[in-house]
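The values are calculated or read from the model by the stated rules, or taken from the named source; none is laboratory data. Note that the structure is predicted; figures quoted are calculated from it, not measured. All Cβ positions, even for glycine, are placed from backbone atoms using ideal geometry, and neighbour counts span all protein chains on display. Note: areas computed on protein heavy atoms with side chains; ligands, DNA, RNA excluded. Shrake-Rupley method; radii C 1.70, N 1.55, O 1.52, S 1.80 Å.
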Amino acid sequence: MAISLEDVFRASKFPPSNEGRRFVTNAYELASEAHRGQKRKSGEDYIEHSLGVAKILAEIGMESRTIAAGLLHDVPEDTAVSLDDIRKKFGNEVATLVDGVTKLGKIRLRGSREEYYLENLRKMFLAMAEDIRVVIVKLADRLHNMRTLDSLPPDKQLRIARETMEIFAPIANRLGIGEVKGELEDLAFKYLDPEAHEKTKDIVKEYMRESDSYLDRAVTAIRDNLAKEGVRILHIEGRAKRLYRLYQKLKRHDMDIKRVYDLVAIRIIVPNVADCYEAFGATHKRYRPMVGRIKDYISLPKPNNYQSLHTTVFGPEGRIIEIQIRTRKMHDEAELGIAAHWAYAERERSAGWRKLFFRQKETTPPKELAWVKQLQEWQREVGHDNREFLEGIKIDFFKNHIFAFTPKGDIIELPEEATPVDFAYAIHSEIGNTIVGAKADAKIVPLDYHIKNGEVIEIRTDKDRKLPNRDWLRFVKTSIAKSHIQKQLRREGWL
Ligand code: MN
């Protein structure tokens, strides 16, 4: 179904000013003129994509210049209208955003798989450190492409879905844009593992059939209890966990949904921080909390700045349920992440509040998200050198991947808990087959050692070694190592 410009305005998290409306309307007119006659693979007019991206940006609270950049993001690349034309009409800021998005889009598969990822990562980071809104527009672009992925051939679907899961979702997560991250993951999940996706959906459907009415009763009971205790609340609702995240949990619990305590959670929005703790106390007074599941992310925010109080209680009717308590601002920041900064900034500005940081360029967010600043520092210090850059990032960004180095400085990407044997096979099967020893950061380590991120791994080989050891199969983590070992053993008649 077609999206109109009016839909974009209606979807805006915060209603645009008249001036903002005019600005965005002008961008729309230029974009639809420039893309006139162009179609997407799905058969839709190209401008549908531009509008789709703009709508996502409006929903997550971005201001008019970023929404305009969303509308124009494919114009210089795909039409006769140039970046200079955009600069003349919409100013330097919008032109810089569009240019950044175009550059990010130029990254293409070249060389080995890890080179490709590193290049992607690096460009993402560089763009991010310059102006994070470039990355936000790129995320919106990817999200809209994922929503319309059905019209592409299967091999492309897979490649794009994998890239989404491994690069774009973690970046959305790091920027704290939970809404976008969750949807990206769920969409990628559907293409990467259609069977598991279906199965998880079925499990949820079955479970929700009996849980829906419970959730209603629980919300009422908890609300009544808070009212009785005199705690002010703005909003209370039940919510279901995202599919992909749920699947991750189910896998850890033998696919037994009864053991997932936060499949549904009750979310309580209160006016201010003091009210959070009051609601917390009042809830625990009535419902006994589970040991080890009380989390105060207000005093100790998560690395991506997420703030909330979490607790799991023996709730109404004795059933276990998770409760999350936060202020409106914390809530918006949890859903919109870094985007919320511009949203709040724009509102305060239009209300006549000028804050100090507005005198500076508005491209970096204020005090929060210290890691962005850290990133900029690193970048200044190390320039464009991949190796040092990645060492600097540390791995909290890429939770399930580690990067190790050869003595020459080549980067080998591995899954967590990968061993020197995995490392050896990642370089070359012959090195894997003949490995006899390994050093990590110059210290001798066993072959089943778990490599840590950033370590330099030296492999000792012995040409006389004819066969890989079948015991290695018990600890290797990569499928490439596994298949080489099996192939080699089979060839020699050992398997
Ligand atoms: Mn696009």
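A few notes on this one:
- Matching residues, segment 127-158, being at pLDDT below 75 and more than 15 Å from Val98 (Cα to Cα): Ala129
For (1) at pLDDT below 95; (2) open to solvent by 50 Å² or more (accessible area, probe 1.4 Å), each residue gets a yes or a no:
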{"residue": "Asp186", "(1), (2)": "no, no"}
{"residue": "Leu192", "(1), (2)": "no, yes"}
{"residue": "Ala218", "(1), (2)": "yes, no"}
{"residue": "Leu226", "(1), (2)": "no, no"}
{"residue": "Glu237", "(1), (2)": "yes, yes"}
{"residue": "Ala240", "(1), (2)": "yes, yes"}
{"residue": "Leu243", "(1), (2)": "yes, no"}
{"residue": "Leu263", "(1), (2)": "yes, no"}
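- Qualifying residue in segment 331-342 (condition: open to solvent by 60 Å² or more (accessible area, probe 1.4 Å), assigned to a helix (DSSP H, G or I) and out of contact with any strand residue (DSSP E or B) (no Cβ under 7 Å at 6 or more places or on another chain)): no
- When residues of segment 205-248 are limited to those that are of a type in the set (Gly, Ala, Ser) and not in a helix (DSSP H, G or I), the one farthest from Lys181 (Cα to Cα): Gly230
- Scanning segment 61-108 for residues that are within 12 Å of the ligand (Cβ to nearest atom), open to solvent by less than 10 Å² (accessible area, probe 1.4 Å) and under 25 Å from the mean Cα position of the chain (by Cα) gives Ala69, Gly70, Leu71, Leu72, His73, Val98, Val101.
- Residue count for segment 129-157, restricted to those that are part of a helix (DSSP H, G or I), within 16 Å of the ligand (Cβ to nearest atom) and over 19 Å from the mean Cα position of the chain (by Cα): 2.
- Some residue of segment 163-175 being away from the ligand (no atom under 16 Å from the Cβ), open to solvent by 70 Å² or more (accessible area, probe 1.4 Å) and assigned to a helix (DSSP H, G or I): no
- Among the candidates Asp448, Asp462, Asp441, residue that is under 15 Å from Glu416 (Cα atoms) and free of Cβ contacts under 8 Å to residues at least 60 places away in the same chain: Asp448
- Among the residues of segment 6-16, not a single one is within 13 Å of the ligand (Cβ to nearest atom) and out of contact with any Phe, Trp or Tyr (no Cβ under 6 Å at 6 or more places or on another chain).
- Here the condition is being among the basic types (Lys, Arg), at pLDDT 95 or above and in contact with a strand residue (DSSP E or B) (Cβ under 9 Å, 6 or more places away or on another chain); of Arg288, Arg326, Arg293, it holds for Arg326 alone.
- Complete set of residues in segment 65-111 that are of a type in the set (Lys, Arg) and at pLDDT below 95: Arg65, Lys103, Lys106, Arg108, Arg110
- Under the condition of being in contact with an Asp or Glu (Cβ under 9 Å, 6 or more places away or on another chain), open to solvent by 30 Å² or more (accessible area, probe 1.4 Å) and either touching a residue at least 24 places away in the same chain (Cβ under 8 Å) or not charged (D, E, K, R) (or both), the residues counted in segment 33-60 number 7.
- Pair list, Cβ under 7 Å, 6 or more apart: segment 136-156 residue on the phi > 0 side of the Ramachandran plot, other residue open to solvent by less than 40 Å² (accessible area, probe 1.4 Å): none
- For segment 239-246, the criterion of being of a type in the set (Ser, Thr, Tyr) and in contact with a Phe, Trp or Tyr (Cβ under 9 Å, 6 or more places away or on another chain) is satisfied by at least one residue.
- Selected residue (criterion: most open to solvent (accessible area, probe 1.4 Å)) from residues of segment 474-495 that are over 12 Å from Tyr425 (Cβ atoms) and part of a helix (DSSP H, G or I): Arg474
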